[in-house]
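Report on one structure; see the data block that follows.
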Amino acid sequence: MKICVLPGDGIGPEIMAEAVRVIEALDLKFELEEALLGGAAVDATGDPYPEATRKLAREADAVLLGAVGGPKWDSLPREQRPERGLLGIRKDLCLFANLRPAILYPELANASTLKPEVVSGLDILIVRELTGDIYFGQPRGIENRNGERYGFNTMHYTESEIRRIGRVAFEAARKRNKRLCSVDKMNVLETTQLWRDVMTELSPEYPDVELTHMLVDNAAMQLVRAPKQFDVMVTGNMFGDILSDEASMLTGSIGMLPSASLDANNKGLYEPSHGSAPDIAGKGVANPLATILSAAMMLRYTFNNEAAAVRVETAVKKVLAQGYRTGDIYEPGTMKVGTKQMGDAVLAAL
Ligand code: NAD
């Protein structure tokens with residue numbers, strides 16, 4: 001069982017070091033091999049997704065990623081930017097399904113900007129399509145037309161792309177509270193009318209799952225008004241990008257939230273939902289729990305080891321109950337710790 005480890009940029013290497021310690025402590029005989037992605041890869045090879053990384057990622061059973069990007073690379077040509085590495089690996093590994101849970105741990109109820117009664121007990125799963133939509137559509141670009149600059153992108157989905165992400169979402173809802181809300185903008189965008197049609201066509205195959213539809217603007221509003229109405233939400237790449245960040249902030253800290261991106265065979269790329277946090281990189285203060293919880297998702301979805309996943313998740317809950325907090329989730333009366341101390345606490349709890 002081989003894991004490709006991609007620490008990436010910014011806080012990536014710091015949080016990844018803690019996740020690796022946790023994986024090694026489980027003593028499950030994984031082979032871990034490290035490679036470069038993002039800005040670190042651009043610096044070393046000129047390519048955000050170099051050939052050596054591609055080879056390792058393809059042959060590994062799972063990929064664990066820190067985060068990529070940072071201001072240092074923001075002025076590079078678009079094809080050399082770190083984000084291209086991320087989009088490239090997702091596309092290369094055919095990772096079309098992004099699963100992002102937003103769970104509010106009771107100890108962190110005060111970290112949310114929403115009233116505790118609105119968010120306490122929150123447990124939703126956002127399923128985002130990851131390889132299609134306007135993020136990949138051609139033609140795209142910025143051109144000079146009629147004497148001024150003209151920017152354009154193309155939104156599209158095939159019905160088979162919609163169907164395969166729909167199936168992942170229906171299956172996920174089946175394992176939870178059996179409610180699926182599909183999010184679109186069918187009143188304006190034809191692509192998303194097709195999205196709604198295909199989701200509706202799939203529904204009879206899952207009679208135990210209640211399917212509802214919601215327009216994306218309303219969904220954004222409902223997520224802050226009454227988020228507990230949702231169980232599983234499914235949506236396209238761009239809407240999912242925005243809604244999953246919104247959902248993660250309901251919980252108070254993006255530093256707590258893992259994610260999984262899966263292919264058709266449950267091979268996956270696992271990464272925290274947050275970015276490379278250049279503002280705190282190198283300071284040893286980043287929260288490693290999202291990365292550690294991403295490793296737990298890896299144990300569950302790719303390695304089918306529910307017991308090990310629960311063991312890691314239970315250790316995280318325990319350190320929160322013990323009062324350990326990194327700066328992003330700190331509140332008076334708790335113990336402020338750095339990245340490594342948080343890793344130590346999780347290892348002790350394991
Ligand atoms: P970000 O998630 O990196 O940071 C947003 C805020 O949250 C910052 O204040 C940061 O300090 C804080 N934060 C994030 N993770 C944290 C953690 N683990 N512990 C404590 N605090 C944490 O988002 P951004 O600032 O918009 O983006 C920074 C860079 O990351 C950009 O280059 C962006 O392109 C990249 N990015 C990468 C990914 C990815 O690799 N998947 C995702 C989003 C953004």
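The values are calculated or read from the model by the stated rules, or taken from the named source; none is laboratory data. These figures come from a predicted structure and were not determined experimentally. Cβ placement follows ideal geometry from the backbone for every residue including glycine, while neighbour counts extend to all protein chains displayed. With ligands, DNA and RNA removed, areas are computed over all heavy atoms of the protein, side chains included. Shrake-Rupley method; radii C 1.70, N 1.55, O 1.52, S 1.80 Å.
Tabulated data
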quantity	calculated
Single residue of the stretch 297-308 satisfying the filter (more than 16 Å from the ligand (Cβ to nearest atom), in a helix (DSSP H, G or I) and touching a residue at least 12 places away in the same chain (Cβ under 8 Å)) that is nearest to the chain's Cα centre (by Cα)	301
Among the residues listed as 25, 67, the single one being touching a residue at least 12 places away in the same chain (Cβ under 8 Å) and open to solvent by less than 20 Å² (accessible area, probe 1.4 Å)	67
Near pairs, Cβ below 7 angstrom, 6+ apart or cross-chain, from the stretch 207-219 (assigned by TED's automatic domain parsing to the domain that holds residue 238) to any residue that is aromatic (Phe, Trp, Tyr) and surrounded by 13 or more Cβ atoms within 10 Å (Cβ to Cβ)	209/170; 216/239
Filter result for residue 278 (open to solvent by 30 Å² or more (accessible area, probe 1.4 Å) and not in a helix (DSSP H, G or I))	yes
The stretch 264-283, residues that are within 11 Å of the ligand (Cβ to nearest atom) and farther than 30 Å from residue 165 by Cβ	278, 279, 280, 281, 283
Selection from the stretch 309-338 of residues that are under 22 Å from residue 172 (Cβ atoms), more than 14 Å from the ligand (Cβ to nearest atom) and open to solvent by less than 10 Å² (accessible area, probe 1.4 Å)	309, 312
Neighbours by Cβ (under 9 Å, 6+ apart or cross-chain): first from the stretch 83-108, in contact (Cβ under 8 Å) with a residue 40 or more places away in the chain; second among the polar types (S, T, N, Q) and assigned to a helix (DSSP H, G or I)	85/53; 89/53; 98/237; 98/244; 100/244; 100/248; 102/244; 102/248
Scan of the stretch 234-261 for residues that are within 9 Å of the ligand (Cβ to nearest atom), more than 13 Å from residue 98 (Cβ to Cβ) and open to solvent by 10 Å² or more (accessible area, probe 1.4 Å), ordered by number	254
Failed item in (1) over 16 Å from residue 277 (Cα atoms); (2) modelled with pLDDT under 95, with residue 83 passing the rest	(1)
Tally of residues being within 16 Å of the ligand (Cβ to nearest atom), assigned to a loop (DSSP other than H, G, I, E, B) and of a type outside the set (Phe, Trp, Tyr) across the stretch 104-129	2
Residue ranges of helices (runs of 4 or more DSSP H) in the stretch 148-259 with at least 2 members under 30 Å from residue 115 (Cα atoms) and either of a type outside the set (A, V, I, L, M) or at pLDDT 95 or above (or both)	159-174, 216-225, 237-250
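To keep it simple, each residue is scored yes or no on (1) under 19 Å from the mean Cα position of the chain (by Cα); (2) free of Cβ contacts under 8 Å to residues at least 24 places away in the same chain; (3) surrounded by 15 or more Cβ atoms within 10 Å (Cβ to Cβ); (4) over 28 Å from residue 338 (Cα atoms).
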| residue | (1), (2), (3), (4) |
| --- | --- |
| 4 | yes, no, yes, no |
| 13 | yes, no, yes, no |
| 16 | yes, no, yes, no |
| 19 | yes, no, yes, no |
| 31 | no, no, no, no |
| 35 | no, no, yes, no |
| 38 | yes, no, yes, no |
| 48 | no, no, yes, yes |
